[in-house]
Amino acid sequence: REMAEESLFQNLLEILMKASSEIEQAYKESCESVDVDTCLLLVAECFRCLRNACIECAKNQHVMRNLGLIATSVRLIKVLHGAQMKQESLLTAFRCSLQFLGNIAAGNGDSQNSIWKCAFPDLFLTCLTYSDEKIVAYCCMVLFTCLNSEKVRDLLDPGNLTVPLHVLKVYKEELETEWSFLIVTDHLLKCPELVKALYAKLSNQERVTLLELIMAKISENNPVTSEEMTVFLRHADFLAGCFQEKSQAVLKLTSAADAKDEEALVAIRLLDVLCEMTSTSGQLEHLQALPGLLETAVDTLRLTHLAGKQAANIFTATQVMTGQEEISHPAVGFKSHLIRLIGNLCYKNKENQDKIFQLDGIPLILDNCTIDDNNPFVNQWAVYAIRNLTEQNERNQQLIAQMEERGLADSSLLDSMGLKIEKQDDKLVLRCVRKKP
């Protein structure tokens, strides 16, 4: 590779230009004098040579770019697409051309800029919507390699928003998951304005897909820079607002006929993401201070709990499982996650602890301290929430103590939490009791 001379690449360029002209002429004029298959095979071999010569060789990348091979390749791809034929020789040439663009762009900012100038957005739209999975995959590779923070902002233009929308569609339809996944998690999610613009354009099914990708990103254990944290906090603001607006859509799931209501599925996934966000310290403090989020969580828990008591549905506590069945309903665990979110929002936060008292949320949480096959681990999350609500909060402790005295709180339940009611100077006090191992 290192010993290849410029004249070699010049010869390959001339072959590609001539082949491109002949292929275009053959398809436009149905010219039978041109052996199209032979031309396509020649094109594929040229691109294989160029592709291999680019690997970890900045010298060759620069020579090819300066000769104009990027612009020629983009034009040739347009010719191949315009042929509207799916013969194997054409697909092979098409695939090899994209592999070449991916390799000439790898680790080379100048080549990335040149491809962006020649190919964005038309070529990416052409290839992302192509019927061949390998072409879609290689297109995603090229797009991922070329993107940076500046180019991501180009996607914000309403005319260019179609590109990231198609990337999400590619991921959702599992045409090619690795590169499309990385485009979203490593590039698109770094721009909160773009995420907001995309979300507004997506169907509810596609929103679920985007939220799953956000969940994957925030679940990473990698250290977070201050810049990344700022981005996460902006995502948190936006998603919390979406949840506050759409949380009650989950009540549609009380009807068996609406078990797959797409708006309700979005609300469920939003809650999952918020639970994950509040499990991280920097994002937790931010969400704890967000107006209305805690109230929405309590109100939604109250409404779903009431709906489950009024009629038999997915929100009704049940203990009929034998351990072998598997419930596939999308709302399984929803109340558990609401209580988890409430517990997180009250962690070492006196203002939110007091807010739960004012919202009469403590009796509601205690009423969910039962084994419920529709809500795995609800008992554990309720215990966690009560502990966070009572930590260094005498008023909440006294409320639970008074409930126990009046028979409104199960003493065995409190015991399972490691809590015990004691009387001191005619005053009921809730104490934490350390259990012996």
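The values are calculated or read from the model by the stated rules, or taken from the named source; none is laboratory data. Note that the structure is predicted; figures quoted are calculated from it, not measured. All Cβ positions, even for glycine, are placed from backbone atoms using ideal geometry, and neighbour counts span all protein chains on display. Only protein heavy atoms, including side chains, enter the accessible area calculation; ligands, DNA and RNA are left aside. Shrake-Rupley method; radii C 1.70, N 1.55, O 1.52, S 1.80 Å.
General observations
- Hits in the range 187-202 - residues which are open to solvent by less than 50 Å² (accessible area, probe 1.4 Å) and touching a residue at least 40 places away in the same chain (Cβ under 8 Å): His187, Leu189, Cys191, Pro192, Leu194, Val195, Ala197, Tyr199
- Among all positions in the range 85-97, there is no residue which is touching a Cys at 6+ places or on another chain (Cβ under 6 Å) and modelled with pLDDT of 95 or more.
- Among the conditions (1) surrounded by fewer than 17 Cβ atoms within 10 Å (Cβ to Cβ); (2) aliphatic (A, V, I, L, M); (3) within 20 Å of Ala331 (Cα to Cα), the only one that Val224 does not satisfy is (3).
- Test result for Glu276, without any contact (Cβ under 8 Å) to a residue 40 or more places away in the chain and either assigned to a loop (DSSP other than H, G, I, E, B) or closer than 19 Å to Thr230 by Cα (or both): no
- Some residue of the range 231-250 being open to solvent by 10 Å² or more (accessible area, probe 1.4 Å), part of a loop (DSSP other than H, G, I, E, B) and farther than 22 Å from Phe377 by Cβ: no
- Of all residues making up the range 72-86, the number that are part of a loop (DSSP other than H, G, I, E, B) and open to solvent by 50 Å² or more (accessible area, probe 1.4 Å): 3
- Residue match in the range 159-167 (condition: within 25 Å of Ser89 (Cα to Cα), in a helix (DSSP H, G or I), out of contact with any Lys or Arg (no Cβ under 8 Å at 6 or more places or on another chain) and in the same structural domain as Ala105 (by the TED database)): no
- Search result, residues across the range 170-184 that are closer than 15 Å to Val208 by Cα and assigned to a helix (DSSP H, G or I): Val170, Tyr171, Lys172, Phe181, Val184
- Residues satisfying the stated conditions in the range 1-32, i.e. open to solvent by 100 Å² or more (accessible area, probe 1.4 Å), modelled with pLDDT under 90 and part of a helix (DSSP H, G or I): Lys28, Glu29
- So Thr38, is it in a helix (DSSP H, G or I) and touching a helix residue (DSSP H, G or I) at 6+ places or on another chain (Cβ under 7 Å): no
- First in the range 76-94 and under 18 Å from Leu16 (Cα atoms), second anywhere and among the polar types (S, T, N, Q), Cβ under 7 Å, 6 or more apart: Leu76/Ser20; Leu76/Ser97; Ile77/Ser97; Val79/Ser20; His81/Thr126
- Counting the residues of the range 143-161 that are buried (at least 16 other Cβ atoms within 10 Å of the Cβ), of a type in the set (A, V, I, L, M) and farther than 13 Å from Lys117 by Cα gives 3.
- Conditions (1) open to solvent by less than 10 Å² (accessible area, probe 1.4 Å); (2) in contact with a His (Cβ under 8 Å, 6 or more places away or on another chain); (3) modelled with pLDDT under 95: number failed by Ala331: (2)
- Some residue of the range 110-121 being among the hydroxyl-bearing types (Ser, Thr, Tyr), at pLDDT 95 or above and either open to solvent by less than 50 Å² (accessible area, probe 1.4 Å) or farther than 16 Å from Leu147 by Cβ (or both): yes
- Filtering the range 279-323 to residues that are in a helix (DSSP H, G or I) and of a type in the set (S, T, N, Q) leaves Ser281, Gln283, Gln288, Thr296, Thr300, Thr304, Gln310.
- Contact map, the range 131-142: residues that are assigned to a helix (DSSP H, G or I) paired with residues that are polar (S, T, N, Q), Cβ distance under 7 Å, separation 6+ or inter-chain. Pairs shown: Tyr138/Gln99; Cys140/Ser180.
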